[in-house]
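I have placed the structure first, in the form of structure tokens, so that the comments after it can refer back to it.
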Amino acid sequence: MRITFLGTGSAMPTGERFQTGLLLQSDGKPLLVDCGSGALHGLAQTGVGYEGVDTLLLTHHHLDHVSDIPALMKARWLAGEESLTIVGPAGTRELIEGLLDVHEYMQDRIDLTIREIDPETGSFDLCDFVVDAMYTRHSMECLAYRFDPTGESGPTFTFSADSEAFTDLVEFADGSAVLAHDCSFPDDVDVSNHPTPQRLGETLAEADAEVGRVYLTHLYPHTEGRQEQMLASIGDAYDGDVRFARDGLSIDVSTSD
């Protein structure tokens, strides 16, 4: 499995990081996870491009995770692609229909399939993955996802989406080769709905889980120039492999290169 971080930023642009977007590739169809502002540009810089992605999975509906959806629909239409499947939590259909009400000329330009996910119903197949979901602790309904390649016992990837740090979420990632986790702010920012490094480090240490490597993402401008300090804060409690994600970073999860 290959993961490409298309956007590792937040709702406050810095000029250095696009908003949230991830490209997941296994042996078959690629999967786009979230589509914040700039993520479409990041996707266009890959060998897959927006022409090659016909499935989008949403963690939640905050603007910095969905704002490039209309641009994705239009780009695929102009490129001659005929379909797009959008999967996400409850309210995803209402979100997409609302976007099309605003951009009326895009109605019926491509064949849209919309699916809403209930984590209580168990795992589901999407592209080349078996996906499990769980609710996070955020300011709106938000889902974390665990991805296992279909038909093989290959490495697992877990994406926390936006969330406070809590042990159930880390234990959801147990056995994952890679966990990409929200770490939006340094310790001196008083914040809810997102973790600080100290709290994330404590949670990683407290959880009954083993993960191969943790990548920090969803980074606000407050984190710029403070990455070493943040890593040290996490390391006060947790001695695992923790690194900062960056836009364009592409890793083979089997080796975490």
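The values are calculated or read from the model by the stated rules, or taken from the named source; none is laboratory data. As the structure is a prediction and not an experimental result, all values here were calculated from the model. Heads up, the Cβs are rebuilt from the backbone with ideal geometry, glycines too, and the neighbour counts pull from every protein chain shown.
The set of residues in region 42-70 being farther than 19 Å from Phe129 by Cβ, in a helix (DSSP H, G or I) and either of a type in the set (A, V, I, L, M, F, W, C) or touching a strand residue (DSSP E or B) at 6+ places or on another chain (Cβ under 8 Å) (or both) consists of Gly42, Ala44, Leu63, Val66, Ile69.
Return yes or no: is Leu179 closer than 14 Å to Met12 by Cβ and either out of contact with any Lys or Arg (no Cβ under 6 Å at 6 or more places or on another chain) or assigned to a loop (DSSP other than H, G, I, E, B) (or both)? No; evaluated as a whole, the condition is false for this residue. The residues of region 151-173 that are part of a loop (DSSP other than H, G, I, E, B), within 20 Å of Ile251 (Cβ to Cβ) and out of contact with any Lys or Arg (no Cβ under 9 Å at 6 or more places or on another chain), listed by number, are Glu152, Ser153, Gly154, Pro155, Ser160, Ala161.
Count of region 234-255 residues, restricted to those that are among the small types (Gly, Ala, Ser), under 25 Å from Met1 (Cα atoms) and either out of contact with any strand residue (DSSP E or B) (no Cβ under 8 Å at 6 or more places or on another chain) or assigned to a strand (DSSP E or B) (or both), is 2. Within this structure, Ile96 passes the test of being part of a helix (DSSP H, G or I), of a type outside the set (Asp, Glu) and closer than 25 Å to Lys29 by Cβ. The requirement of being closer than 15 Å to Leu31 by Cβ and modelled with pLDDT under 95 is satisfied by Asp128.
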